[in-house]
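**Q** Below are the structure tokens for one structure; questions will follow.
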Amino acid sequence: MALVDRLYDILNILQVHSSISQQELENSLQTSRQTLRKQIQLLNQEMSDIASIVLENRKYKLIIQDYDAFEQIANGALKQGTDFNSTNKRQAYILKQLVESYTPVLIDDLASQVMVSRGTINNDINQLRKVLEVYKLSVIGTPNRGLELQGYELDIRTAYINIVLSYFNCQNLKLTDKQVILKNSPTPQTSIFTKSLLIKAVYTTVLRIKQGHHFEEDIPYYHNFIEKNI
């Protein structure tokens, strides 16, 4: 796991819990106390003057000084700041192309776009395949055709939200659009993490419907209120 992913694991847990004991946090992350302390120290350096993680009475808690700036971090600013030297970011980019492309994706094109060798891209694809097993998705390569993503629509959207939108912004989504989404949220008093997830979910839904992708089967509690308005 890339270090930046672990930093976000820590942030996500601390946004959900007002405070959490050292032991609980260590168990959740499956890491040692020494490693956790080093990672929190690094995270505090990255969030300087924006937010801080403090330890009081053997419990960790997140204190936010600048909510606007912290929202940018929560939306993936630390990940988005990485370049394509990051294996995880290259994998996110490959998945982005597979989801957003209307035609099969060529390996040579991917290698050219992220400026690495074909062999490196092949390694990235193999690693991505393992990651996507959790989502029950497959990357299928066909000679003289290219790569395609196969799986259920709900799983594709979930993987896109969790992997791609962690490293890449919601393109073409204006501030006013985000404000409308949050204003119409059934629970407006939610955490920054939850608001970010809601915006990503709406963005992904609109993207996929515009591409003509719909759910193959009924999903409990899901209602498509926007299909006719796109």
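**Q** Given the criteria assigned to a loop (DSSP other than H, G, I, E, B), open to solvent by less than 50 Å² (accessible area, probe 1.4 Å) and in contact with a Lys or Arg (Cβ under 9 Å, 6 or more places away or on another chain), does THR82 qualify?
**A** yes
**Q** Considering only segment 43-70, how many residues are assigned to a strand (DSSP E or B) and of a type in the set (Gly, Ala, Ser)?
**A** 2
**Q** Right, another one. Return yes when THR103 is within 30 Å of GLU153 (Cβ to Cβ) and assigned to a loop (DSSP other than H, G, I, E, B) and no when it is not.
**A** Judged against the criteria, THR103 is a match.
**Q** Considering only segment 16-27, I want to know if a residue exists there that is among the polar types (S, T, N, Q), without any contact (Cβ under 8 Å) to a residue 12 or more places away in the chain and surrounded by 14 or more Cβ atoms within 10 Å (Cβ to Cβ).
**A** No - not one qualifying residue is present in segment 16-27.
**Q** On to the next question. Please tell me if ARG118 is of a type in the set (Lys, Arg), open to solvent by 60 Å² or more (accessible area, probe 1.4 Å) and either without any contact (Cβ under 8 Å) to a residue 40 or more places away in the chain or touching a strand residue (DSSP E or B) at 6+ places or on another chain (Cβ under 6 Å) (or both).
**A** yes
**Q** Check TYR60 against each of (1) within 24 Å of GLN127 (Cβ to Cβ); (2) touching a residue at least 24 places away in the same chain (Cβ under 8 Å); (3) not hydrophobic (A, V, I, L, M, F, W, C) and name the one condition it does not meet.
**A** With respect to (1) within 24 Å of GLN127 (Cβ to Cβ); (2) touching a residue at least 24 places away in the same chain (Cβ under 8 Å); (3) not hydrophobic (A, V, I, L, M, F, W, C), TYR60 is out only on (1).
**Q** Here is a further query. Select from segment 30-51 the residues that are open to solvent by less than 30 Å² (accessible area, probe 1.4 Å) and closer than 22 Å to GLY81 by Cβ and list them in ascending order.
**A** Result: GLN39, ILE40, LEU43, MET47, ALA51.
**Q** Among the residues of segment 108-119, which ones are under 23 Å from the mean Cα position of the chain (by Cα) and either at pLDDT 95 or above or not β-branched (Val, Ile, Thr) (or both)?
**A** Across segment 108-119, the qualifying residues are LEU110, ALA111, GLN113, MET115.
**Q** Give segment 130-150 a look and list any residue that's within 19 Å of the chain's Cα centre (by Cα), loosely packed, with under 15 Cβ neighbours inside 10 Å and of a type outside the set (Val, Ile, Thr), or say none.
**A** LYS130, GLU133, LYS136, SER138
**Q** Can you give me the ranges of the helices (runs of 4 or more DSSP H) entirely in segment 122-210 with at least 1 residues that are of a type outside the set (Lys, Arg) and modelled with pLDDT of 95 or more?
**A** Result: 153-159.
**Q** For ILE73, are the conditions met, namely being within 18 Å of the chain's Cα centre (by Cα), surrounded by 14 or more Cβ atoms within 10 Å (Cβ to Cβ) and either of a type in the set (Gly, Ala, Ser) or not in a loop (DSSP other than H, G, I, E, B) (or both)?
**A** Yes: the conditions hold for ILE73.
**Q** Ok, one more. From LEU165, LEU55, LEU78, grab the single residue that is in contact with a Leu (Cβ under 9 Å, 6 or more places away or on another chain) and of a type in the set (A, V, I, L, M).
**A** So the residue among LEU165, LEU55, LEU78 that is in contact with a Leu (Cβ under 9 Å, 6 or more places away or on another chain) and of a type in the set (A, V, I, L, M) is LEU78.
**Q** How many of the residues in segment 72-106 are touching a residue at least 60 places away in the same chain (Cβ under 8 Å) and farther than 18 Å from ILE13 by Cβ?
**A** Final tally of qualifying residues: 14.
The values are calculated or read from the model by the stated rules, or taken from the named source; none is laboratory data. Predicted model only: the values in this text are computed from it and were never measured. Please note: Cβ atoms are built from the backbone with ideal geometry, for glycine as well, and neighbour counts cover all protein chains shown. The area values use the complete protein model at the heavy-atom level, side chains included, leaving out ligands, DNA and RNA. Shrake-Rupley method; radii C 1.70, N 1.55, O 1.52, S 1.80 Å.
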